[in-house]
1. Could you tell me how many of the residues in the range A:108-163 are closer than 16 Å to A:THR248 by Cα and within 14 Å of another protein chain (Cβ to nearest Cβ)?
2. Out of the residues in the range A:280-294 that are at the interface with chain B (Cβ under 7 Å from one of its Cβ atoms) and more than 13 Å from B:PRO275 (Cβ to Cβ), state the one that is surrounded by the most Cβ atoms within 10 Å (Cβ to Cβ).
3. Would you be able to tell me the number of residues in the range A:9-31 that are part of a helix (DSSP H, G or I), within 21 Å of A:GLU268 (Cα to Cα) and hydrophobic (A, V, I, L, M, F, W, C)?
4. Restricting the search to the range A:178-192, which residues are touching a Gly at 6+ places or on another chain (Cβ under 8 Å) and more than 21 Å from A:PRO239 (Cα to Cα)?
5. Taking the residues in the range A:90-100 that are out of contact with any Phe, Trp or Tyr (no Cβ under 6 Å at 6 or more places or on another chain) and surrounded by 15 or more Cβ atoms within 10 Å (Cβ to Cβ) as candidates, determine which candidate is farthest from A:GLY35 (Cα to Cα).
6. Kindly indicate whether any position in the range B:315-322 is crowded, with 23+ Cβ neighbours inside 10 Å, in contact (Cβ under 8 Å) with a residue 24 or more places away in the chain and in a loop (DSSP other than H, G, I, E, B).
7. Checking B:ALA195 against (1) within 10 Å of chain A (Cβ to nearest Cβ); (2) in contact with a Gly (Cβ under 8 Å, 6 or more places away or on another chain); (3) open to solvent by less than 10 Å² (accessible area, probe 1.4 Å), which test does it fail?
8. Could you list, in sequence order, all residues of the range B:210-263 that are closer than 22 Å to B:ALA120 by Cα and touching a Phe, Trp or Tyr at 6+ places or on another chain (Cβ under 6 Å)?
Protein chains: 2
Amino acid sequence: VFAIDQNLLPFSFEIRRLAEWRETADAIRTMVVRGAPAIGVAGGYGMAQAFRESAEPAAVERALHELGAARPTARNLAAVVDRVHAAGRAGGPAGAQREAQRIADASVEECRAIGEHGTALIRDGARVLTHCNAGWLATVDRGTATAPLYAARDRGIGFHVLVDKTGPRDQGARLTAWELGQEGIRHDLIEESAAGLLMSRGEVDLVIVGADRIAANGDVANKVGTYLVALAAREHGVPFYVAAPRDTFDPSCASGREIPIEERSEEEVLFKTGPDEDGRVRRIRVAAPGAHARNPAFDVTPARLIAGIITSAGIEVPGDARS
Amino acid sequence: VFAIDQNLLPFSFEIRRLAEWRETADAIRTMVVRGAPAIGVAGGYGMAQAFRESAEPAAVERALHELGAARPTARNLAAVVDRVHAAGRAGGPAGAQREAQRIADASVEECRAIGEHGTALIRDGARVLTHCNAGWLATVDRGTATAPLYAARDRGIGFHVLVDKTGPRDQGARLTAWELGQEGIRHDLIEESAAGLLMSRGEVDLVIVGADRIAANGDVANKVGTYLVALAAREHGVPFYVAAPRDTFDPSCASGREIPIEERSEEEVLFKTGPDEDGRVRRIRVAAPGAHARNPAFDVTPARLIAGIITSAGIEVPGDARS
């Protein structure tokens, strides 16, 4: 398994070789691979690796458990790992490998279809706000929240993207801005805290974000801060859309309250990493010495704040928002 | 005029000597001095310096103009500079100096009174969220939003503070966390984007923030992101309070729409500064190379989201929120 190390992007582009399932699990845990769809596909390949490495049921079970739990919030990870596990039990290492590949191919096709449906939302001159990174770095290709942007661009529609920086890991500033730059799409970074002001001034026409898990009632877990953007969007009549692959939907969660929210290390809040003016990557402290931090990585946006969920089958109005 | 250089805090504590009014104006512009009340007091001393430096009306007028316009959003700066200017015209350098000193002393007393009134809001065990820094670093002493906390602490009330990190300059992480640490008050940093999640879980009892300018209808301009916190607070029934000195009120602004919002350099969004592990202060890039940013520094919270404004005279319900 080969993965772009997203902890180094955009300052250094390195492909990591993940030779064993344990390395793949570590890459998911440490966010070398990140973004729910990419995590799922990586988990699937990890499971296929486990079948290749050992025929011992106990060893395979252990990989099933560890890969499925490498990140807690994304819905699809455990689902994909389960599917590849079942394929491996039935068809051995070759069966697991085929299933992992099928899932990766299906993910590419699904993102393309999300783009086709979502592009209808983007009018010429639109100002689109997005949060975190649900772009091609978070998927196998095209992204989820960005797929409609790339499809619109391909059709010659002109638009401008406001990219929430998205602390503490700044995936908007580091990954989305880099992606959009690579694709030649006009954009400006903003602090995510500025979304309310810009909406109150009428400077945002549309919000599109990704999703890590969607409950049965349509509540959406996504990167922390998404909920505040959704509250501001409702206040100012800005349509708020979520783009998501099918396996993000979790019918076993009745509502967002049941979605587990990952708490990550306080170090992510207290320190920043990036290149100094000589290009040397440094880690600096950005908080007062002795300060402690809490770091919930996701939040839940209730269905009633969501205008629609863009899927490969079309734009759906989530359960609770229909009533 | 002596000022703690707040651009270096909390990693280095240096007192800057501001020998001439132009240095004082620069210190306000570059945020060596920051926080609306502290800016006002510094502006007043700057104006007194101008009278001491030159008896030329044109030179004094120039200082009046430049000091008053050194930061655009804080209401009190121009008001204080005007008062000291009037005192200097009537009483010369000594009169200006006395007026500047009087304003500084009154500011200390006003913060104390804000604390006395605000402390009634803080019950034992309360979890209080604050945004940015409206502490003693932003004033002459005690702070505005923090004054009720210090008063509650002095009365033996136990509480916990959630400190919004407050990008792009992270005044919460750098200044408020440092202040509260110095005062022995329990606190945790959070990304400001996490305020919605924590409120939705019932983990916040009260919000207290400062203000840079308050319009006649009670709309409040404060550090960008305040508005999103206020929207989430309303959604979850968390009382949202603003602590403000009298000269923050601007009757000449009918509503928040007329308050000028300062746009600061994109560099603040694209870079971070702090000590590396050897304690050397470094400036690193945190955004994709080539990315551009917009950086509005304040936003406006409408009066209807505000439970009360804590002033030295008591807690007032803002104009538009009364109807």
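1. Within the range A:108-163, residues that are closer than 16 Å to A:THR248 by Cα and within 14 Å of another protein chain (Cβ to nearest Cβ) number 2.
2. First pass over the range A:280-294, keeping only residues at the interface with chain B (Cβ under 7 Å from one of its Cβ atoms): A:282-294.
Then keep just the ones that are more than 13 Å from B:PRO275 (Cβ to Cβ); that gives A:290-294.
On the way: A:GLY290: 10, A:ALA291: 25, A:HIS292: 14, A:ALA293: 22, A:ARG294: 16.
Among them, the one singled out is A:ALA291.
3. If we filter the range A:9-31 for residues that are part of a helix (DSSP H, G or I), which is where we start, we get A:21-29.
From what's left, within 21 Å of A:GLU268 (Cα to Cα): A:25-29.
Those left that are additionally hydrophobic (A, V, I, L, M, F, W, C): A:25, A:27-28.
Qualifying residue count for the region: 3.
4. Within the range A:178-192, A:GLU179, A:LEU180, A:GLY181 meet the criteria.
5. Narrowing the range A:90-100 to residues out of contact with any Phe, Trp or Tyr (no Cβ under 6 Å at 6 or more places or on another chain): A:90-92, A:94-95, A:97-99.
In the following step, the residues that additionally are surrounded by 15 or more Cβ atoms within 10 Å (Cβ to Cβ) were identified as A:95, A:97-99.
Numbers: A:GLY95: 26, A:GLN97: 22, A:ARG98: 23, A:GLU99: 20 Å.
Ranking the candidates gives A:GLY95 first.
6. Keep residues of the range B:315-322 that are crowded, with 23+ Cβ neighbours inside 10 Å, which gives B:318.
In the following step, the residues that additionally are in contact (Cβ under 8 Å) with a residue 24 or more places away in the chain were identified as B:318.
With in a loop (DSSP other than H, G, I, E, B) added as a condition, the list becomes B:318.
For the range B:315-322, residues crowded, with 23+ Cβ neighbours inside 10 Å, in contact (Cβ under 8 Å) with a residue 24 or more places away in the chain and in a loop (DSSP other than H, G, I, E, B): present.
7. Unmet condition: (2).
8. Within the range B:210-263, B:ALA230, B:ALA233 qualify.
The values are calculated or read from the model by the stated rules, or taken from the named source; none is laboratory data. Since the structure is predicted, the reported quantities are computational estimates derived from the model, not experimental observations. FYI the Cβ positions are ideal-geometry reconstructions off the backbone, even for glycines, and counts take in every protein chain you see. Calculation scope for accessible area: heavy atoms of the full protein, side chains included, ligands and nucleic acids excluded. Shrake-Rupley method; radii C 1.70, N 1.55, O 1.52, S 1.80 Å.
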